[in-house]
Amino acid sequence: MMMTLRIGALALLAGLACMTPGYAADSPEKLVTVTGEAMTSAAPDLATIRLGVSAQGKTARLASEANAKVMTTVMAAIKAAGIPERDIQTAQLSLQPQFEQNKNGPPHLTGFQSSNDVTVKLRDIGKLADLIDRAVAAGANEISGIEFSLSDRSKQLDEARALAIADARRKAEIYAKAAGLVAGRAVAITESSASPPPRPAAAFRAVATPVAPGELTLQVTVMVSYELAQ
């Protein structure tokens, strides 16, 4: 019985020995991994602005009524500037009590402040300065900021992606040549970063026309692995 077990163990070891060279023959891939970067600039064609009215009154009702009266005029001015209703959205509506500090006791109520802000999207940036002037003339006394963006960011990003891949290829060929090798096909591509979010302008509380939208810079970074050959 012991003889049979020993012979079986020897046979198994021999079989494993025969299989081992087949796995050892496989060698790891020779790769070079580089980072490609690219930036493109484009003039924004969308703008978002927040306009509002803040009014005060001795009572909550008086403050709300004063705000509603002015805000109705402001909304009419916004629509008169050619902005469709689908691009106007209420952003904030609030009514807050106002207090005055009292050295000899608790603060006492002096009135209320009513605020109503709307976010307006402009699909024609050329109308931005006119919109601000119209809104302020109508009574808007809150302008919280302007944000510029692109309606078709994907087109600009795709352009940057192609340039980033070309940059990665250029770097891979430099490294391969320096090592006496040749850069082959790409076997892995990872996009590690893309463009920043839409650019906000600084917040302000008064008319800031004329407005200069400038350009938006879109950036793409990719990591690419290329095969190396002799």
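For the stretch 46-149, list log₁₀ I(q)/I(0) at each q in 0.23 Å⁻¹, using the Debye formula over Cα point scatterers of equal strength and ignoring solvent, two decimals each.
Log-scaled intensity ratios, in q order: -1.12.
Hey, what's the Kirkwood Rh for the stretch 149-194 if you take every pair of different alpha carbons, in angstrom?
For the stretch 149-194, inverting the mean 1/r across all distinct Cα pairs yields 12.4 Å.
Check G111: other-chain or 5+ apart residues with amide H under 5 Å from its amide H, H built from backbone geometry?
So G111 has HN proximity to Q98.
Between beta-carbons, use under 11 Å as the cut-off and find the net charge around R86, counting Lys and Arg +1, Asp and Glu -1.
Every neighbour counted, the sum reads 0.
So what J values fall out for the stretch 89-101 if you push phi through Karplus, 6.51 cos²θ - 1.76 cosθ + 1.60 with θ = phi - 60°, rounded to Hz, Gly and Pro as x?
The phi angles translate into 9, 5, 9, 7, 9, 9, 9, 10, x, 10, 10, 10, 5 Hz.
Taking the alpha-carbon distance from K58 and a cut-off under 30 Å, which lysines remain once sequence neighbours fewer than 8 residues away in the same chain are dropped?
K69, K103
Which aspartates and glutamates, on any chain, are close to K171 with Cα under 15 Å apart, when same-chain ones fewer than 8 places away are left out?
E37, E227
Just so you know, all these numbers are worked out from the coordinates, no wet-lab data involved. Computed from a predicted structure; not experimentally measured. Cβ sites come from the backbone with ideal geometry, for glycine too, and all protein chains shown count toward neighbours.
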